[in-house]
Structure formats: C-alpha cells, structure tokens
Amino acid sequence: METHPYSDHTWPCLWAFVSRWLLLSGAWWLLHYAPVCLAYLPDMQLTGFLSQHVSGPLYRPWALWFADYYWLAFTLAGPLYFYDQRGRFLLSNDKYQALLAFVLQGVLHRWGVRIAWSPLVRLGLLTVLLKLFFLPYVVTWGIQNLQQVWTVAQSLPSDFRAWTRFFIELCLLVDIATFGFGYLVESRRLGSEIRSVDPHWLGWLVCLWCYPPFNSFSFLPFDVALFPIKIETSDTVRLLFNGIEVMLWSVFAWASLALGFKASNLTSRGIVQRGPYRWLRHPAYTAKLGVWWIQGVIFGEFTIGILLAFTVMYVLRAWTEERHLSAVDDYAAYRRAVPWCFFPGINPTRFTNPNAS
C-alpha cells in the first residue's frame, strides 16, 4: 500500500466516518433493491431462488425498516464518535478506509493516494461481506425470538414442556442478541474490533452451510434413515431429557454471553477465556450437538444421516476456526490452557490441531 506522505493526517476522522457511511449506504441500497437487481441475472432459475430468498420472511424485516433506522443512527451519531476517536483511524490501519480507497483509487489518485490490493483491503472486503450476509438474519431472528418470548410471557406456561420451550426461546434470544450486537457494533474501546476474517474458502463453506438459504438444501442429501435410532421411552424419561435440553441450551446462551462484544462468525477479535471457555474450546458446539442427538435419539426428530452430518460439519467448523485463530492470535497458549475441545477429558489433538500433520 502506497500513500501520500500526508494522507494519514488529512481529515482522518472525517474520512473514517465517510468511508463507513458510503459502504453502509451502498449496503442499504443493495438490500432495498436486491430483488430489482436480481432480475438482470441471466440464469432465471437462480434469479427466482435468490429473489424469493431475499424477499422472504428472514430478510424483509431488516430490509424494510431496521436498516433505515440503523443507517439514520449511524449518520447522526457517527461524526461525533469518530471526532472523539480522531487520530486512531488512519488510512494505513483502518480496513474500511483502505477498502473504499482501493475501490475509488481512480478518483483519489489525483490527490496522491495510491492503494494497492493488500491484506488490509482484503480484510475490509471480507468484513463487509460477512456483515452483509449475517446482519439481516440475526436482526430478524432477534425480533422473532423477542416476540415469541413476549407472547409466552403474557400467559405463563401451564406445564413442564411449555416451560422448557419458553426457556429455550429465551436462550436463543440471548444468543441472537449477543451476536446481533457483535455484528452491529465494532469498537476498539469495547475490544470488539475485527482483527481478521477467515480468508480460506473451506472456513466460509462449512459456516455458511449451516445458515439460510443454504441449509434449506445443504443437509438434504444426508437425510437418510440407515437404521432406526429412536429409543422408546416413558413420559418421565422424555421429561427428563426435556430438562437436559434446557440445560444444554443454557450452556449455549452462556457461551454467547461469554463472547460478549466479540461474538461473530469467521472472525478473530481476541481470545476469550471466561465462562464455559475456561474448560472447553467449543462449548456452544457441544451444547448444540447434544441437543440435536437428544432430539434424534429420544424424540425421533432426525435421522442418523442428519445427525452424523451435523456432527461432521461442526467438527469441521471447530477445525477451521482454530486454524484461523492460530494464524492470528496466540491460540497455542489458549490450547495449552484449555486442552479439551468438545468434552472434558477428551482431547482429539491429532484431529483438531491445525498444525498437526
């Protein structure tokens, strides 16, 4: 990256705000007019699928109104924040400024600013793509979970199963709210600055595989009942496992709260070693897999093929995340401090260690 000798000191706080505002405005325009843009794609089948997806219930609440308020809040409050942080956001160290300068370098060249493709520009691009994909979902899911929790809270559950459903929705709301804030707010003061986004295609593949629209078809080839796995049990045993599910979802929510402002997929924001991360490196995945295996074996909601696919996919997610974090942070020290990956006492080092041959 080459810059004019004085470019880092010319209105740095203004350029930091403007770069983010322009990127956010571009994303706002794209989210609002995506269905219109998709009409110009040559593949009509792909166009129909994507248009139905971005116009669906998991997308429209964000695009129709939340994005407007988010854009307005940033437009009004952003200048004050970046003026207060003046001198900290420079063209040489800010991924958003670097990305926009790279995109607009034909215009900025006349002022002596020349930006080449670099890791910082790539980080800005990957961060924008990451937020553009996940923000509509986490906001919509958060709104839906809040509505469900509020509806149930209006009339207290009448039996144990109803109470378990209520607590599960509450745990999901905690998770979605934590990750939603993590995607919406990125601040050095909060220690939530995105330092790195996984640059490898496999990391993105195994992560996006688990989210809409991909999970609507990505697991279908594995939905095979190779042999029956449901165990016939009594109502008492099923109630017991309902309680265990609540405990697992509580661990899942606890793990999200422990991540705090650093919560987001495919990113490095610093090592977290509090909450359940003091004992396990992937407690949220352990909790999820535990819930799914209970639902498959005790309640018969999944086939063995689906359960094995879930398990393999989340093991791959753990492996790709550790490979990414090992290249950015002092993850080796964390691995030594917390040797257990998914379960206490089980340390599959050869499989989960990104550096193992």
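The table for this structure:
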{"item": "When residues of region 313-327 are limited to those that are at pLDDT below 95 and surrounded by fewer than 18 Cβ atoms within 10 Å (Cβ to Cβ), the one nearest to A225 (Cα to Cα)", "result": "S326"}
{"item": "Test: G48 is over 19 Å from L129 (Cα atoms), part of a loop (DSSP other than H, G, I, E, B), of a type outside the set (D, E) and modelled with pLDDT under 60", "result": "no"}
{"item": "Residue list for region 266-287, restricted to those being in contact (Cβ under 8 Å) with a residue 40 or more places away in the chain, over 11 Å from V338 (Cβ atoms) and out of contact with any Asp or Glu (no Cβ under 9 Å at 6 or more places or on another chain)", "result": "Y285, T286"}
{"item": "When residues of region 266-291 are limited to those that are crowded, with 18+ Cβ neighbours inside 10 Å and among the aromatic types (F, W, Y), the one nearest to S326 (Cα to Cα)", "result": "Y277"}
{"item": "Top-ranked residue in region 306-346 [being in contact (Cβ under 8 Å) with a residue 60 or more places away in the chain and among the basic types (K, R); ranked as nearest to A284 (Cα to Cα)]", "result": "R317"}
{"item": "Criterion violated by N215 - all others in (1) exposed (fewer than 12 other Cβ atoms within 10 Å of the Cβ); (2) assigned to a helix (DSSP H, G or I) satisfied", "result": "(1)"}
{"item": "Residue match in region 327-341 (condition: of a type in the set (S, T, Y) and farther than 19 Å from W249 by Cα)", "result": "yes"}
{"item": "Any hit, region 118-131, residues being farther than 25 Å from R189 by Cα and either assigned to a loop (DSSP other than H, G, I, E, B) or modelled with pLDDT of 85 or more (or both)", "result": "yes"}
{"item": "Residue within region 322-329 that is hydroxyl-bearing (S, T, Y), under 16 Å from the mean Cα position of the chain (by Cα) and part of a helix (DSSP H, G or I) present", "result": "no"}
{"item": "Pair list, Cβ under 6 Å, 6 or more apart: region 79-93 residue assigned to a helix (DSSP H, G or I), other residue among the hydrophobic types (A, V, I, L, M, F, W, C)", "result": "P79/F17; F82/C13; F82/A16; F82/F17; Y83/C13"}
{"item": "Unmet criterion (only one of (1) assigned to a helix (DSSP H, G or I); (2) in contact (Cβ under 8 Å) with a residue 24 or more places away in the chain; (3) polar (S, T, N, Q)) for T236", "result": "(2)"}
{"item": "Members of region 138-157 found to be loosely packed, with under 14 Cβ neighbours inside 10 Å and within 25 Å of A263 (Cβ to Cβ), listed by number", "result": "Q147, W150, A153"}
{"item": "Which numbered condition F166 misses (of (1) under 18 Å from the mean Cα position of the chain (by Cα); (2) buried (at least 16 other Cβ atoms within 10 Å of the Cβ))", "result": "(1)"}
{"item": "Failed criterion for P221 (all others in (1) assigned to a loop (DSSP other than H, G, I, E, B); (2) loosely packed, with under 15 Cβ neighbours inside 10 Å hold)", "result": "(1)"}
{"item": "Hits in region 116-144 (condition: of a type in the set (A, V, I, L, M) and within 15 Å of W28 (Cα to Cα))", "result": "V128, L129, L130, L132, L135, V139"}
{"item": "Subset tally (residues that are modelled with pLDDT of 95 or more and small (G, A, S)) for region 269-279", "result": "1"}
{"item": "Filter result for L226 (on the phi > 0 side of the Ramachandran plot and in contact (Cβ under 8 Å) with a residue 40 or more places away in the chain)", "result": "no"}
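Let's see how each residue does on (1) in a loop (DSSP other than H, G, I, E, B); (2) touching a strand residue (DSSP E or B) at 6+ places or on another chain (Cβ under 7 Å); (3) within 30 Å of L120 (Cβ to Cβ):
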| residue | (1), (2), (3) |
| --- | --- |
| L146 | no, no, no |
| S158 | yes, no, no |
| F166 | no, no, no |
| C171 | no, no, no |
| I176 | no, no, no |
| F179 | no, no, yes |
| G182 | no, no, yes |
| E186 | yes, no, yes |
| S192 | yes, no, yes |
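The values are calculated or read from the model by the stated rules, or taken from the named source; none is laboratory data. All of these numbers come straight from a predicted model, not from anything done at the bench. Heads up, the Cβs are rebuilt from the backbone with ideal geometry, glycines too, and the neighbour counts pull from every protein chain shown.
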